[in-house]
Amino acid sequence: MSTYARAGSLQGPPAAGLFQGRRIVVVSDADAVPSAPLQAQLGPREAGQEDTLTVIALPLAFDGTPPVIGTIAASNSVTPPPSVLAVDGAGEYAYVVETLGPRGPDAHLLTELEAGSTVRAYDIGDAAKPQLLYAYPAGHMPQAVSLHPRGGLLALACGDVFAILGPDPYPSLRLVPIGPNGFGDGAVLVPHAEDGAPMVPSYVEWHPGGELLAVCYPWRDEVRLYAAHRTPELWIEPVGPPIGTGRFPFLGRFTPDGRHFLTVDVLWGRDAADGEPSEGRLSVLRIDPDTGAGEKVGEAGVGRNPGGLAVSPDGRHVVTSNLRMSHLAWGDPRLDRQGSLSLLTFDPASGRLTAVDEELFDGLRPEGVAFDADGKFVVVTVFDHLDLVHRRGQLRFFEVSGEGGAPRLRPTYYSIEVMRGPHTIVVV
């Protein structure tokens with residue numbers, strides 16, 4: 001496999017400081033093109049191009065010093081939210097779910113791929129040499145994976161959210177224990193609404209306290225909470241009533257204190273215009289972790305067609321990555337060569353969310369986005385470029401600057417090239 005990944009040259013003044021943390025970890029779907037989830041078309045076959053897990057050692061200087069980078073094959077798909085990767089807090093292990101199976105020799109469309117059903121564990125303790133440890137059945141087309149705050153237990157949201165492979169979505173929520181010798185047998189819950197109809201989840205995340213799970217149901221415009229019990233055995237229990245959101249909450253994030261859950265409402269749905277979403281929205285849900293009850297207490301607008309979401313370590317800044325119209329087919333006259341980042345401030349006490357900046361940049365389908373450990377920098381994935389020669393994925397870095405009053409996003413003019421198709425990123 002190709003291990004190509006390198007830091008880009010500086011094209012402007014270097015940023016002050018370091019991108020802090022232990023690891024940047026990113027997965028790339030090299031089989032797809034930016035328009036694949038919308039048009040179902042896979043990309044061209046190229047030597048050395050395959051689905052990849054990339055690991056970058058931190059801290060990262062912006063002075064051109066080559067970072068330590070390692071890569072390994074890791075089957076994954078861009079069709080879910082940017083949530084197919086989980087990493088432990090020490091930066092020692094990574095977990096990747098496979099939504100759609102590997103591309104066969106005759107496959108040209110997403111619909112010609114097999115359903116994925118696997119979660120894989122990787123040892124990333126040596127950033128330069130990640131290693132595959134073990135794999136485990138993960139249900140039908142896993143969409144998202146979340147690692148318990150204290151480790152040892154994965155939560156998975158599974159099902160065919162967009163009916164890619166057929167009319168039956170086979171939804172499930174799963175808990176999978178992780179031990180020293182691999183994965184253990186876990187718990188499975190098939191989610192149903194009050195009327196008995198099955199519900200298809202797109203996203204799952206552990207509450208920071210480790211007792212509850214938040215799950216997004218985009219076709220129902222709601223989030224539901226679940227308790228994870230360990231006695232007398234591992235099992236999942238629905239708690240509290242459903243919490244209404246904006247339209248199509250594709251993914252979300254808890255704030256660090258666990259008092260709020262933010263959802264990215266991408267405004268898709270059966271009545272949405274094909275490929276032409278309006279401005280995106282974030283919903284703010286206030287959560288009572290003791291009862292599982294919650295309510296929507298606010299919202300804010302972000303850029304067009306939001307894809308990813310990150311909350312700063314102190315909980316006071318929020319960033320969304322916005323596809324705009326960069327996810328359309330190359331021949332579509334509406335195609336935009338730029339994506340954007342939206343920056344918002346958040347008041348943890350009141351739940352007030354305020355948009356303060358939007359920064360445009362070149363690059364197609366930016367989805368994964370994350371803050372560094374200090375909350376001073378942001379990294380975002382670029383799936384590809386509108387360039388037949390430059391067919392590589394990229395990580396772009398921005399500084400959160402407070403100069404002159406309101407915070408702003410400032411480009412660092414620094415990038416790292418990775419395998420084509422990056423879409424999910426985690427910083428620990």
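The values are calculated or read from the model by the stated rules, or taken from the named source; none is laboratory data. Remember, it's a predicted structure, so these values are computed and weren't measured experimentally. Please note: Cβ atoms are built from the backbone with ideal geometry, for glycine as well, and neighbour counts cover all protein chains shown. Accessible surface is based on the protein model in full, side chains and every heavy atom, while ligands, DNA and RNA are left aside. Shrake-Rupley method; radii C 1.70, N 1.55, O 1.52, S 1.80 Å.
Structure above, values below:
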read-out	value
Index of the failed condition, residue 186 passing every other in (1) touching a Lys or Arg at 6+ places or on another chain (Cβ under 7 Å); (2) modelled with pLDDT under 95; (3) closer than 25 Å to residue 38 by Cβ	(3)
Lone unmet requirement of (1) in a loop (DSSP other than H, G, I, E, B); (2) at pLDDT 90 or above for residue 404	(2)
The listed residue being open to solvent by 40 Å² or more (accessible area, probe 1.4 Å) and outside any strand (DSSP E or B), out of 233, 237	233
Only one of 193, 197 that is among the small types (Gly, Ala, Ser) and either modelled with pLDDT of 95 or more or open to solvent by 20 Å² or more (accessible area, probe 1.4 Å) (or both)	197
Residue match in segment 80-100 (condition: open to solvent by 40 Å² or more (accessible area, probe 1.4 Å) and within 19 Å of the chain's Cα centre (by Cα))	yes
Pairs where the first residue, in segment 330-353, is farther than 30 Å from residue 384 by Cα and the second is basic (Lys, Arg) and open to solvent by less than 10 Å² (accessible area, probe 1.4 Å), C-beta under 8 Å, 6+ apart	none
Selected residue [open to solvent by 10 Å² or more (accessible area, probe 1.4 Å), in contact (Cβ under 8 Å) with a residue 40 or more places away in the chain, aliphatic (A, V, I, L, M) and within 11 Å of residue 27 (Cα to Cα)] from 426, 418, 400	426
Test: residue in segment 47-64 that is touching a helix residue (DSSP H, G or I) at 6+ places or on another chain (Cβ under 7 Å) and surrounded by 15 or more Cβ atoms within 10 Å (Cβ to Cβ)	no
Contacts under 8 angstrom Cβ, first residue in segment 307-319 being under 20 Å from residue 338 (Cα atoms), partner among the acidic types (Asp, Glu) and modelled with pLDDT of 95 or more, 6 or more apart	307/367; 308/367
Number of positions in segment 80-117 that are of a type in the set (S, T, N, Q), touching a Leu at 6+ places or on another chain (Cβ under 7 Å) and modelled with pLDDT of 95 or more	1
Any strands (runs of 3 or more DSSP E) falling wholly within segment 85-201 and containing at least 3 residues that are in contact with a strand residue (DSSP E or B) (Cβ under 6 Å, 6 or more places away or on another chain) and without any contact (Cβ under 8 Å) to a residue 24 or more places away in the chain	none
So residue 355, is it assigned to a strand (DSSP E or B), small (Gly, Ala, Ser), over 11 Å from residue 317 (Cβ atoms) and open to solvent by 10 Å² or more (accessible area, probe 1.4 Å)	yes
Inter-residue pairs, beta-carbon under 7 Å, first at negative phi and in segment 229-242, second open to solvent by 70 Å² or more (accessible area, probe 1.4 Å), 6+ apart	229/235
